[in-house]
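Participant: Dropping a structure here in structure tokens format, bear with me for questions.
The values are calculated or read from the model by the stated rules, or taken from the named source; none is laboratory data. As the structure is a prediction and not an experimental result, all values here were calculated from the model. When we count neighbours, we look across all protein chains shown, and the Cβ atoms used for this are built from the backbone with ideal geometry, even at glycine. For accessibility, only protein heavy atoms count, side chains too; no ligands or nucleic acids. Shrake-Rupley method; radii C 1.70, N 1.55, O 1.52, S 1.80 Å.
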Amino acid sequence: MICDCLPGDLKEKKEALGEVLNGDRLVSAPYKLEFQRDKESISVCNRKLSKQDVARFRSAVRKDYYFQMYYDDLPIWGFIGKVDKEGKDPSDYRYFLYKHIHFDVFYNKDRVIEINVRTDPNALVDLTKDSEVDAEFLYTVKWKETNTPFEKRMDRYSQSSSLPHHLEIHWFSIINSCVTVLLLTGFLATILMRVLKNDFVKYVRFCYGTLYVVYKGFKLRLQFCHNTFFFAQLLSQYLILQKL
């Protein structure tokens, strides 16, 4: 966690099956969003980031890490920082961590309809150098009224996503596809085994023909299957007769 002042009794949320498959592990956040109560620049904590902390956050910002939170079962996302490139060489890039989060909450009567999160582009922590940095993390809450009915508050999530496409991971779809492939492979293997079994039984079943040959007063019995003589049996009986 960024802040050492987070409450020690963090509550873990019980995950549903979809959340477990998605890999979610939800805990309570230190932000207090009270209904219809605006807040301006509330301090969450003051933290001295060590060199190791700066290196970890710089790596997370470089890899486009983002946070995900839920308020009244509404999901919100936001990036934890940004990279200042401005046409420079990769060695000259500058890395920043956002330290001020703004929550815009829309409500209709006594129902929460929509929530958005944005970061203050002027409240940044410079992570470019490997040195200790002092940072105060803040948040602001603004409540706004809307006419959108409660029944339609999820429409915006079904129509579009707030995240870039490369950040969307549908683990449930991946698992479903894997299970489907396994089932189809099992069905195909079962059908193939039945066909092979029938062919094997057909070709190795007991021979349906018998041919008798008289040699030097001895009656030889030859069996054949599908017009193919058992020459091995003929040869063995011939050798036995030669010894007699």
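Participant: Taking the stated definitions as given, is Asp53 of a type in the set (Asp, Glu) and under 30 Å from Asp110 (Cα atoms)?
Facilitator: No, not satisfied.
Participant: Out of all the residues in segment 86-99, is one or more open to solvent by less than 30 Å² (accessible area, probe 1.4 Å), in contact with a Phe, Trp or Tyr (Cβ under 7 Å, 6 or more places away or on another chain), on the phi < 0 side of the Ramachandran plot and modelled with pLDDT of 90 or more? So that I can check it myself, show each step before the final result.
Facilitator: Filtering segment 86-99 down to residues open to solvent by less than 30 Å² (accessible area, probe 1.4 Å) leaves 95-97.
Then drop every residue that is not in contact with a Phe, Trp or Tyr (Cβ under 7 Å, 6 or more places away or on another chain), which leaves 97.
Of the ones still in play, those that are also on the phi < 0 side of the Ramachandran plot are 97.
When the remaining residues are screened for being modelled with pLDDT of 90 or more, the result is 97.
Yes, that holds for at least one residue.
Participant: Do any residues in segment 173-195 that are under 24 Å from Gly23 (Cβ atoms) have Cβ atoms under 8 Å from those of residues that are among the polar types (S, T, N, Q) and surrounded by 10 or more Cβ atoms within 10 Å (Cβ to Cβ), where the two are at least six apart or on different chains, and which pairs are they?
Facilitator: The qualifying pairs do not exist here.
Participant: Next question, about the same structure. For the subset of segment 158-199 comprising residues that are part of a helix (DSSP H, G or I) and at pLDDT below 65, which member is nearest to Trp77 (Cα to Cα)?
Facilitator: For segment 158-199, the residue satisfying everything is Leu167.
Participant: Give me the pairs, please: first residue somewhere in segment 105-120 and farther than 21 Å from Leu138 by Cα and of a type in the set (Ser, Thr, Tyr), second residue anywhere and open to solvent by less than 40 Å² (accessible area, probe 1.4 Å) and in a strand (DSSP E or B), beta-carbon distance under 8 Å, and either six or more positions apart or on two chains.
Facilitator: These pairs meet every condition: Tyr107/Ile113; Tyr107/Trp143.
Participant: So which residues in segment 1-34 are at pLDDT 70 or above and open to solvent by 90 Å² or more (accessible area, probe 1.4 Å)?
Facilitator: The answer is Lys11, Glu12, Lys13, Lys14, Leu17, Arg25, Lys32.
Participant: When only residues in segment 128-150 that are in contact with an Asp or Glu (Cβ under 9 Å, 6 or more places away or on another chain) and not in a strand (DSSP E or B) count, which is least open to solvent (accessible area, probe 1.4 Å)?
Facilitator: Thr146
Participant: Can you tell me which residues in segment 121-148 are under 15 Å from Asp84 (Cα atoms) and not β-branched (Val, Ile, Thr)?
Facilitator: Passing the criteria: Pro121, Asn122, Ala123, Leu124, Asp126, Leu127, Lys129.
Participant: Next question, about the same structure. Do you know which of the residues in segment 35-52 that are surrounded by fewer than 11 Cβ atoms within 10 Å (Cβ to Cβ) and basic (Lys, Arg) is modelled with the lowest pLDDT?
Facilitator: Of everything passing the filter in segment 35-52, Lys48 is modelled with the lowest pLDDT.
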